[in-house]
Amino acid sequence: MVTTAQPRLLDHVVSAHQFDRDLLEHVVARASALDGVRDRRLDGRIMATLFYEPSTRTRLSFESAMVRLGGSVIGTEAAREFSSAIKGETLEDTIRMVEAYADVIVLRHDEAGAAGRAAVVARVPIVNAGDGPGEHPTQALLDLFTIHRELGRVDGLHVVLCGDLRHGRTARSLALLLTRYEGVRMSFVAPAVVQMEPDILSLLETRRVPYTVTDNLRGAVTDCDVVYQTRIQKERFTDPGEFGRARGDTRIDARLMERLPQRAIVMHPLPRVDEIDPEVDADPRAAYFRQARNGVAVRMALLEMLLGETSPA
Ligand code: CP
């Protein structure tokens, strides 16, 4: 096979802000092309996973993606306890060491901005696998890929984001990506205590993306194309009273599904606790397990873009 050298499209994946429409379409095209592939295109390359917060999907789907492309994986989970962070090593010093052992570092951290700090000192690509309440750009990319795959387009859709939008980094990153599409409108459904932060709402206003802020999920879903549910992130509350007020009336159950158009899909980055009743799982509009599976193909595309010979989309 003859490959034409292309300029590298990504140095790091730190924020959804990095992705314009062309880059998003490239990720979607490469993820579609790589879905189901197993080859050796990243033979000899090493990925380190450095996770300071728990994870099932992000860490294992990145590891699976790397192995499917012929690369190898090293890493530490519970890095707060099981890396030298417990001895007081700074994140920056840890990154300076791990870059000597790996060609790419996938980092999950509990502080917003941690991936950006890592990227400043790193000489290998840093991938933000979630930085506290900040962002989760690779999740948002797989969410976008899922919407493409399920509905065939993103332009013109009404997307309802609901649950803990204040701490929900996946909802923040997805809202940013959706501003790159034409005719999208968003509804943010949450009690006031966990509503979407003003930085995202201001950006929507700057980009002239129409949005609604409400706590009424039953009203918002009647003409939607996507409902994106999120978990109330108990671990991020310091005030138990605030956590109590965060629950609101945003649960998705069979009664709520009766109000959802037949064309619409229900998404969730997972894990869920009780914000989607398991009785909804059998409904064909429940897309959240299909969504999680899409993480492998999207992360293969990102690893290829960061490490491999880039191919034209
Ligand atoms: N969606 C997501 O980030 O899941 P994990 O916390 O299991 O990685």
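Among the trypsin sites (Lys or Arg not before Pro) in segment 80-150, those located in a DSSP loop and surrounded by at most 11 other Cβ atoms within 10 Å of their own Cβ are ARG123. Solvent-accessible area of the chain (1.4 angstrom probe, protein heavy atoms only): carbon and sulfur portion equals 49 percent. Treating each Cα of segment 100-199 as one equal point scatterer and applying the Debye formula with no solvent, the log10 of I(q)/I(0) at q = 0.19 Å⁻¹ comes out as -0.95. If R0 is 45 Å, the Cβ-Cβ spacing of TYR101 and ASP199 corresponds to a FRET efficiency of close to 0.80. Counting only heavy atoms of the protein chains, get the accessible area per residue of segment 209-313 (1.4 Å probe) and round it to a whole Å² value. Solvent-accessible surface per residue comes out at 45 Å².
For the chain, the spherically averaged projection of the C-alpha convex hull amounts to 16.0 nm². In a reduced charge model with +1 at each Lys and Arg Cβ and -1 at each Asp and Glu Cβ, the chain shows a dipole moment near 440 debye about its Cα centre.
Between ASP239 and PHE82, the FRET efficiency from the beta-carbon distance, with R0 = 35 Å, is close to 0.70. The phi torsions of segment 105-121, fed into the Karplus equation with coefficients 6.51, -1.76 and 1.60 and a -60° offset, translate into couplings of 10, 9, 10, 10, 9, 8, 10, 4, x, 4, 5, x, 4, 5, 5, 5, 9 Hz, rounded to whole numbers, with Gly and Pro shown as x. Across segment 295-307, coupling constants 3J(HN,Hα) worked out from phi with the 6.51/-1.76/1.60 Karplus curve, θ = phi - 60°, read x, 5, 5, 5, 6, 4, 4, 5, 5, 4, 5, 7, 10 Hz, and Gly and Pro carry x. Within the chain, the longest run free of exposed loop sites, counting GluC sites (Glu not before Pro) that sit outside DSSP helix and strand states (H, G, I, E, B) and have at most 10 other Cβ atoms within 10 Å, spans 1-181. Each residue, GLN18 and ASN216, gets one label point 7 Å from its Cα in the Cβ direction; the gap between the two is 4.1 nm.
A cut-off of 5 Å between modelled amide H atoms, ignoring neighbours fewer than 5 places along the same chain, links ILE265 with VAL226, VAL227. Per-residue ellipticity at 222 nm computed for the chain from its helices equals -10500 deg cm²/dmol, with DSSP H segments shorter than 4 residues left out and the rest contributing -39,500 (n - 2.57). Positive-end ranking of VAL226, HIS109, GLY168 along the dipole of the chain, with charges on Cβ about the Cα centre, is headed by VAL226. Pairs of Cα atoms nearer than 8 Å and 6+ residues apart set the relative contact order; for segment 204-278 it is 44 percent. Loop-located chymotrypsin sites (Phe, Trp or Tyr not before Pro) across segment 42-121 with a Cβ neighbour count of 15 or fewer within 10 Å are TYR101, with loop assigned by DSSP.
Less than 5 angstrom separates the built amide H of VAL106 from those of ALA48, THR49, LEU50, VAL127, all sequence-distant by 5 or more or on a different chain. How large is log10 I(q)/I(0) at q = 0.12, 0.17 Å⁻¹ when the Debye formula is applied to the Cα atoms of segment 137-292, each weighted equally and without solvent? Cα-only, vacuum Debye calculation for segment 137-292: -0.45, -0.95. Annotation: amide H of HIS136 within the under-5 Å range of SER173, sequence separation 5 or more or interchain, hydrogens built in the peptide plane. Run the paramagnetic zone check for ARG38: 7 angstrom along Cα to Cβ, then residues of segment 70-109 with backbone nitrogen under 17 Å. Backbone N within reach: 70-73.
The values are calculated or read from the model by the stated rules, or taken from the named source; none is laboratory data. These numbers come from a predicted model, not from an experiment. Please note: Cβ atoms are built from the backbone with ideal geometry, for glycine as well, and neighbour counts cover all protein chains shown. Keep in mind that these areas ignore ligands, DNA and RNA; they rest on the heavy atoms of the full protein, side chains included. Shrake-Rupley method; radii C 1.70, N 1.55, O 1.52, S 1.80 Å.
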